[in-house]
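A.B. asks: First the structure, then my questions, so here it is.
The values are calculated or read from the model by the stated rules, or taken from the named source; none is laboratory data. Just so it is clear, the structure is predicted and the values come from calculations on it, not from any experiment. Because the Cβ atoms are built from the backbone with ideal geometry, glycine has one as well, and the counts that use them run over all protein chains shown.
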Amino acid sequence: SSGINAEWPLRPGARPQAGGPGNPFQQYGQYMNDPVVANMAMQYGSSLAHTGKEYVEQNLDKYIPVSRVKFYFAVTTDYVIHKLRLLLFPFLNREWGAHNAPGGEPTRHLNSPDLYIPVMAFATYIVAIAIALGNQGKFTPEMLGITATTAFVWLMIEIGVVQFAMYLISVSTDIKIFDLAAFCGYKYVHMIICVISAMVFGSLGYYASFLYTSAAIVYFLMCTLRYIILPESSEDRIARGSKRRNNLLLLIAFIQPVITLWLTYHVTYGPSTTDSTVSQKSSL
């Protein structure tokens, strides 16, 4: 009939046309091939991405002070060396005190807290535990994750306990959450010493190093935090002698050896009985 297209049916091998004048995909391709339209789309996309980046940075800084976190990792080689010496031999230091800028921001002084050493010590502690367990024939790949998770959870519990204690006794101090994380994280340096001593000198070396490092971390925290928790101003003399503040200081200081012992004492056990029996039978 006259209503049937003359080209129907299609010849063998022929393809139907993509569309007629009303095909939206063809029109979209024509618009995108236009240099003016493509340039406008690129500019709009770039402007949208820039606006989104600014929005994320502004709102992220409200909840996570990125600039302040960067400060805790802005350390030098000399600072790390002297800070490690201070942590291991705090009894030789004669200068203690908080060194802050006039605006209240901490400055990079030897007594100011940092997060670089705690983070590096945390990672080194996990490796040291893995080596110690490997020497005892107890290492499995899962132990890396278990050790890291356990240490991190105990660190969070420790910070939470201190924060909850500050809330209960209604003590407001200048110590920030990152400062508290840094001071609580310094014990990983001493935990590494305990693990290495256990591997080299056995149980006797472990307990000897534990006693010394416990005294060192307690002395270090007592001398450092007393200028933060116990104010020095004349109008706060009553607060300086407050029993609650002294108890808070003692809690932060003496909880470190307890967690150190809990996270490191298992490296002194030596090979398991089953492994020893198997090795003896194989030698026979």
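A.B. asks: Restrict the check to region 102-112 and report whether at least one residue is surrounded by 13 or more Cβ atoms within 10 Å (Cβ to Cβ), under 18 Å from the mean Cα position of the chain (by Cα) and either at pLDDT 95 or above or not in a helix (DSSP H, G or I) (or both).
C.D. replies: Within region 102-112 (the criterion being surrounded by 13 or more Cβ atoms within 10 Å (Cβ to Cβ), under 18 Å from the mean Cα position of the chain (by Cα) and either at pLDDT 95 or above or not in a helix (DSSP H, G or I) (or both)), the answer is yes, since at least one residue qualifies.
A.B. asks: Residue check, TYR188 against (1) part of a helix (DSSP H, G or I); (2) modelled with pLDDT under 95; (3) not polar (S, T, N, Q), all met but one. Which one?
C.D. replies: Status for TYR188: all satisfied but (2).
A.B. asks: Next question, about the same structure. Kindly evaluate GLU142 against the criterion of being part of a helix (DSSP H, G or I) and in contact with a helix residue (DSSP H, G or I) (Cβ under 7 Å, 6 or more places away or on another chain).
C.D. replies: Values: part of a helix (DSSP H, G or I): yes; in contact with a helix residue (DSSP H, G or I) (Cβ under 7 Å, 6 or more places away or on another chain): no.
No, not satisfied.
A.B. asks: What about SER209, is it assigned to a helix (DSSP H, G or I) and at pLDDT 95 or above? So that I can check it myself, show each step before the final result.
C.D. replies: Values: assigned to a helix (DSSP H, G or I): yes; at pLDDT 95 or above: yes.
It is true that SER209 is assigned to a helix (DSSP H, G or I) and at pLDDT 95 or above.
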